[in-house]
Amino acid sequence: MKLRFPKRGMRSGRFNNGVVLEQINLGKIAYFIEKGVLDPSEPITFKVLLETGILTKIKQGVKILGAGASRL
């Protein structure tokens, strides 16, 4: 007779429970800097992203994706 172990391990939905982050690409940020909408000498904050119209809404936060300006 074999003893059974409890089922544990990887479960879907265990981490990042429902946190939806707005995504923005580094290439898009570089595009708006070249266009003159963003000032690279100032910090880029949530408020600046909303005021310039780059993002329309931010609920939980922003995830910056790693593809740079070379992929545009």
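No value in this document is a laboratory result; all are computed from the given coordinates. Remember, predicted model here, so these are calculated numbers, not experimental data.
Here, the range 22-71 yields an orientationally averaged convex hull projection of 3.4 nm² when only Cα atoms define the hull. Close amide-amide hydrogen proximity is noted between V37 and no other residue 5 or more places distant or on a separate chain, at a cut-off under 5 Å (H modeled in the peptide plane; Pro and chain starts excluded).
Contact order normalised by length for the range 22-71, with contacts defined as Cα pairs under 8 Å and 6 or more residues apart; what percent is it? Relative contact order of the range 22-71: 65 percent. Taking a straight line from the alpha carbon of K47, these lysines sit under 25 Å away, with near neighbours fewer than eight places off in the same chain left out: K28, K35, K57, K59, K63.
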